[in-house]
Amino acid sequence: MNSPTTDPAPIACSLSSVELGRREQTWTTLAAAALRAKIAIPSGVRLEFVADHDVAHALLDLVQAERECCGWASWSLSQTAAAWERVGLLESPERRAGKRSYRRSVLTRIRLIDLARAAGFRLDEIRDLVTDRQPPMAPGDRWRALAAGKRAELDARAAAIGAMREVLTHLAACRCSSLDACAARTAPGGDR
């Protein structure tokens, strides 16, 4: 009899029939809304979805769930991850049969990257967040440092947007006799 550590993973789904039905419905709904292509490849099927933040999150959740119940299946989220490898946000994974094979911990890192992007951080700022520092810096301290800079950037953008809004308000109510007169009144220092 084989020991549990040497037995290969079963090629069977561990979900109940009810859970399997729900999972199938989730995939069907996502595919109906966002599947671009289904391509047969030598190792199985490649699914290509539209590039959308919500779709990416749904895929991350589904892939993580599939990895938990169907350990025998192979899943990859390669295009975005490959770009993040190039800028140093993700470590380059090992390759199996020429394909990237990511550890499960990569899903956590991707969620962290998505959280930072949702807060408006650029990839170089996110790299600063996740890069080990000397001396070490606690995660909360890293977030606070980046957040302070991002808030100042947002305040500057808000001021610029406010100024643009004022100009647009004037332009929407423009009764000037010519474009030159409008420019003279609307330009900075003009006599609005």
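The values are calculated or read from the model by the stated rules, or taken from the named source; none is laboratory data. Just so we're clear, the structure is a prediction, and the values are computed from it rather than from any experiment. Please note: Cβ atoms are built from the backbone with ideal geometry, for glycine as well, and neighbour counts cover all protein chains shown.
Just one residue in the set Val55, Val63 is farther than 22 Å from Arg127 by Cα, modelled with pLDDT of 70 or more, surrounded by 11 or more Cβ atoms within 10 Å (Cβ to Cβ) and touching a strand residue (DSSP E or B) at 6+ places or on another chain (Cβ under 6 Å); that residue is Val55. Restricting attention to the stretch 105-149, and to residues there that are surrounded by 11 or more Cβ atoms within 10 Å (Cβ to Cβ), hydrophobic (A, V, I, L, M, F, W, C) and not in a helix (DSSP H, G or I), which single residue is farthest from the chain's Cα centre (by Cα)? Ranking the candidates gives Met137 first.
Among residues of the stretch 107-132 that are more than 13 Å from Gly149 (Cα to Cα), those with a beta-carbon under 6 Å from a residue that is in a loop (DSSP other than H, G, I, E, B) and small (Gly, Ala, Ser) at least six positions away or on a different chain give the pairs Arg127/Gly88.
Taking the conditions exactly as written (farther than 30 Å from His57 by Cα and outside any helix (DSSP H, G or I)), does Cys182 satisfy them or not? The answer is no for Cys182. Is it the case that Ala145 is modelled with pLDDT under 85 and of a type in the set (Gly, Ala, Ser)? Judged against the criteria, Ala145 is not a match. With respect to Ala12, determine if the residue is modelled with pLDDT under 75, surrounded by 11 or more Cβ atoms within 10 Å (Cβ to Cβ) and small (Gly, Ala, Ser). For Ala12, the condition - modelled with pLDDT under 75, surrounded by 11 or more Cβ atoms within 10 Å (Cβ to Cβ) and small (Gly, Ala, Ser) - is not met.
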